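What follows is one structure encoded as structure tokens, with my remarks underneath.
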Amino acid sequence: MRRLVAAPLVAFSLLLVVVAPAFACGGLIGPNGAVNLLRTTTLAAYHNGVEHYVTAFQFAGGGGAFGSITPLPGIPSSVVRGGDWTLQRLVRETDPPSPTLLFAGLARDSAQVLQQVRIDALDITILKGGGAAIGLWAKQHGFRLPPDAPEVLDFYANRSPIFMAASFDADAAAARGQSVGDGTPVHITIPTDNPWVPLRILALGKAASETVQADVYLLTDRKPAMLPDPSGLLASRGVKLTHSEAASSSLLADLRSDKGMSWVPQRAWLTKIAIDAKASDLRFDLAIDASGAGSPSLRDAGFAPFGPMKAPPQQISLWLLLLIGVALAFGAVGWLTAVAGGGIRRPLAGA
Amino acid sequence: MRVLLLLSAVVGLLLVAGQAAGFIQPGPQRVEIRIHYSHFTPSAISVPHGVPVTFVLINQDPIDHEWLLGDAAFQERHRKGTEPHHAGTPNEVSIGPLSTVETTITFGSPQTLQYICHLPGHEEYGMVGTLTVS
């Protein structure tokens, strides 16, 4: 029978993630499919082996409780209220005039609650467990998951069994005097040696033909290598590189001056990825190698054998193919020219 | 001893002949349907009419599902229904997360039915199966 299925699942990332027109790395779905959180804006930066993740939930009015579940790459060392302008400043850096916003196994074991934090009207719980355990925990705590949730939770739990559940109490937000559009920034610090940005969870609960749109900002010590390669000519799969250059010192200074952001380094590389993909195509994550080795992980991207999709061909091989094609074309033209001009000499008989 | 053997042979022959001629119906049937990642397996089943068929519904997902068996009109009613839980009717079953439910039905005549989960979005996601009663 038709019932309410409210399964706000928000995803997470390492590096720097800001979502403007859509929810940041996650799908927030309210009862009856209505979205009651205006949007989620997310920032994650990776520096010295630590991920700093800042996201904000914006109050869109209404009542009741809503929430999200976010896959994490590791166990956070702290969860605190985030700074006040970090997210907005990042958006302004790349889109100045825009007035916008911002193991598996059949885990019958119960999910382990690692941390619980209350920030304004948000109740945040850090969980550890397999996909089934996290799903059961979510059900027991009032989350209603869409039909693709079991597969998506396993997809993440098989690689990192850490999740963040955030429930948003709209009544409490209203009681606190929060107005429509007000955001609650959250800053999570996660020690990890392998950053990745979960993208697949953006499509959670969406019909196959629906479009997923998001902006992902990465702030790393050096220019990162990514899988899938968003700068590729082919097979970008709706993931496009729109900004890649050294972060300006004014941006870094502004970020550093926000609350809890003193860790921002003196020099960093700013990357912006635009996601514009059909939900049915977005069945992978964004793997990042920020070490300079240029080897983003197949596992972190969730490509086969860790997920349902094969990894796209590496751009290097595409360029090689292109080069070979051009060389063959030149060779063919040269040969034809030689034949037309009688320039090809046949060996003389008896010579 | 010889009489007993003879009797057994005669009874065996009669049973075989009865089966072949359709005089004797097959015994109770047991059909296992697994639910994993919000899909039914198998998604097509054939059962005989006139005998009790026990469906063993195994939900391997951590979310709620339901198994509603009926014709097109029945399914259309349930698409617009509002019942939060199904119990007490053999062809309308709710299955909780990671749980198993059994239900037994005797079909009176050959027909083709569908089994569908009508929780929001589940049918569109592919939770549909076909049952042929022969």
*asked:* Which positions within region B:48-66 get 50 Å² or more of their accessible surface covered by the other protein chains, compared to the chain by itself, with a 1.4 angstrom probe?
replied: B:Pro62, B:Ile63
*Which FRET efficiency, nearest 0.05, do B:Gln111 and A:Ser209 yield, Cβ-Cβ r, R0 35 Å?*
0.55
*Dipole of region B:26-133, positive end: most advanced residue of B:Tyr37, B:Thr104, B:Leu68 [Cβ charges, Cα centre]*: B:Thr104
*Under the Karplus relation 6.51 cos²θ - 1.76 cosθ + 1.60, θ = phi - 60°, what is the ordered set of whole-Hz ³J(HN,Hα) values for region A:209-223, x standing for Gly and Pro?*
8, 5, 9, 10, 10, 7, 10, 10, 9, 10, 10, 10, 5, 9, 4
*Which whole-Hz ³J(HN,Hα) couplings does region B:114-126 yield from phi under the Karplus relation 6.51 cos²θ - 1.76 cosθ + 1.60, θ = phi - 60°, glycine and proline marked x?*
10, 10, 9, 9, 9, 5, x, x, 6, 5, 4, 6, x
*Taking θ as phi - 60°, what are the ³J(HN,Hα) couplings along region B:61-71 by the Karplus curve (6.51, -1.76, 1.60), each to the nearest whole Hz, with x for Gly and Pro?*
8, x, 10, 5, 9, 9, 10, 10, 9, x, 7
*Just add up the charged neighbours of B:His36: K/R +1, D/E -1, any other residue whose Cβ is under 11 Å from the Cβ of B:His36.*
-2
*Amide H to amide H, which residues 5 or more places from B:His86 or on other chains are under 5 Å from it, using H placed in the peptide plane?*
B:Ser94
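For the cross-link pairs A:Lys139/A:Lys278; A:Lys240/A:Lys310; A:Lys278/A:Lys310; A:Lys139/A:Lys206, which exceed 24 Å when the distance is taken from alpha carbon to alpha carbon?
Violating the 24 Å limit, Cα to Cα: A:Lys139/A:Lys278.
Can you give the average number of partner chain beta-carbon atoms within 10 Å of each beta-carbon in peptide A:144-154, as a whole number?
Partner Cβ neighbours, averaged per residue: 6.
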*Taking the Cβ of A:Ala287 as the centre, find all other residues whose Cβ is under 11 Å away and add up their charges (Lys, Arg: +1; Asp, Glu: -1).*
-2
*Residue-count net charge about A:Gly260 - beta-carbon cut-off 11 Å; Lys, Arg +1, Asp, Glu -1*: +1
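For region B:69-112, run through the trypsin sites (Lys or Arg not before Pro) and keep only the ones in DSSP coil with at most 13 other Cβ atoms within 10 Å of their Cβ.
B:Lys80
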*Interchain or long-range residues, amide H under 5 Å from A:Gly307's placed H*: none
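The values are calculated or read from the model by the stated rules, or taken from the named source; none is laboratory data. Predicted, not measured: the structure shown is a model, and the values here were computed from it. Virtual Cβ from ideal backbone geometry, glycine too; neighbours counted across all protein chains shown. Note: areas computed on protein heavy atoms with side chains; ligands, DNA, RNA excluded. Shrake-Rupley method; radii C 1.70, N 1.55, O 1.52, S 1.80 Å.
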